[in-house]
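The values are calculated or read from the model by the stated rules, or taken from the named source; none is laboratory data. Fair warning: this is a prediction, and the values are worked out from it, not measured in the lab. Every residue, glycine among them, receives a Cβ derived from its backbone with ideal geometry; neighbour counts consider all protein chains shown.
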Ligand SMILES: [Zn+2]
């Protein structure tokens, strides 16, 4: 007679074609920021169809500045919907579990540089291509099908389970923050981000900023009469590289980060400036992000960044006169976390991973970026395990997720849930 674990794994296998179809459908939704509603409608109906009790709630802008889980935002949240499916545990004594995933995706870059259109997913051998396929629609789908496999095996979980599909992860984290403050928490959180089947041991805190420079527009025949906002911005960015180097050096005191070449990654993600090819430009705006270390306060790092930008304006004569730079905070402003070793939740994931990987142990690594798991870890002190499939080119061209990896992760998530929440046979 096969073990319960084997039965669960065969059910994942049996449902896997349907899982890939589900993922393909989900990747077709162009769930860019504030355009996630249709994808969320789909998730809501799929969860309801499976008997989950579904909560649908808007990202809550009224909490920004009032609860530390929230970060500044520059959009309104009228169409910013989050979905949580709840399934009550059967029997008693089970631990509760929340699978947390984000359904928002980043823009595709230049769609014409993709081999196929980014929102028309296509399968090539063992890979499924499409924007968001890896980051992180595959993980969301894995959590849903992990639960389907348990049901299909004729089992139910003793602990309560949630499937969370939130928005805003790629910019503010305010979707997960809203879920958190509304009480959608559990004894453990699992977030199947594309981690290459490894566990995230630590991640970084992140600040997202906007810098605007004010030039003096003029005709190019008299360049001395003007001052280029674009040149000012380039200069400012060069100065910021000094701050970046200093923050990288701070990482030498962080055992988990000291071997990462650039754990803070000052990234200028957007830049716009000027309005005429032959005018000295009056304005330039650049947006970016910078990371810092777990345990550090985002407020302190933000003040340090602000003071640095102030000092540049005082010290660099190019900025003489003052008032040429405006700094604002326009996205995530949140601490990182370090996953404590030796939790029961981690032990459970180790066991599930080993079972799917012929006994191999679960590797862990540091992911130097923001993760929604930080909300639950930092503000709820909940063991938050980030573990998901192999994906390539996330945020890049021809993003793709490995389907054999998705299958293994779905199995590991199902086995984890069975062990963590406990199972009741209903056959
Ligand atoms: Zn992600």
Practice task
Within the range 72-85, work out how many residues are outside any loop (DSSP other than H, G, I, E, B) and either surrounded by fewer than 20 Cβ atoms within 10 Å (Cβ to Cβ) or within 16 Å of the ligand (Cβ to nearest atom) (or both).
Solution key: 1
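Of all residues in the range 86-105, count the ones that are touching a helix residue (DSSP H, G or I) at 6+ places or on another chain (Cβ under 8 Å) and either within 14 Å of the ligand (Cβ to nearest atom) or part of a strand (DSSP E or B) (or both).
Residues meeting the conditions: 10.
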Completion exercise
Considering the range 386-397, residues that are touching a strand residue (DSSP E or B) at 6+ places or on another chain (Cβ under 9 Å) and surrounded by fewer than 18 Cβ atoms within 10 Å (Cβ to Cβ), and then whichever is nearest to residue 147 (Cα to Cα), we arrive at 392
Problem - Failed item in (1) at positive phi; (2) at pLDDT below 95; (3) out of contact with any strand residue (DSSP E or B) (no Cβ under 9 Å at 6 or more places or on another chain), with residue 110 passing the rest - result: (1)
Exercise for the section: Answer yes or no as to whether residue 232 is more than 16 Å from the ligand (Cβ to nearest atom), more than 28 Å from residue 337 (Cβ to Cβ) and assigned by TED's automatic domain parsing to the domain that holds residue 313. Expected result: yes
Fill in the blank from the handout: Matching residues in the range 223-261 (touching a helix residue (DSSP H, G or I) at 6+ places or on another chain (Cβ under 7 Å) and without any contact (Cβ under 8 Å) to a residue 24 or more places away in the chain) number 1
Fill in the blank from the handout: Counting only residues that are exposed (fewer than 12 other Cβ atoms within 10 Å of the Cβ) and closer than 27 Å to residue 214 by Cβ, the range 258-280 contains a total of 5
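Considering only residues that are outside any loop (DSSP other than H, G, I, E, B), more than 12 Å from the ligand (Cβ to nearest atom) and crowded, with 24+ Cβ neighbours inside 10 Å, which ones fall in the range 114-139? It would help to see each step written out before you state the result.
Initial filter on the range 114-139 (outside any loop (DSSP other than H, G, I, E, B)): 122-124, 127-129, 133-139.
With more than 12 Å from the ligand (Cβ to nearest atom) added as a condition, the list becomes 122-124, 127-129.
128 - this is the single residue of the range 114-139 that is outside any loop (DSSP other than H, G, I, E, B), more than 12 Å from the ligand (Cβ to nearest atom) and crowded, with 24+ Cβ neighbours inside 10 Å.
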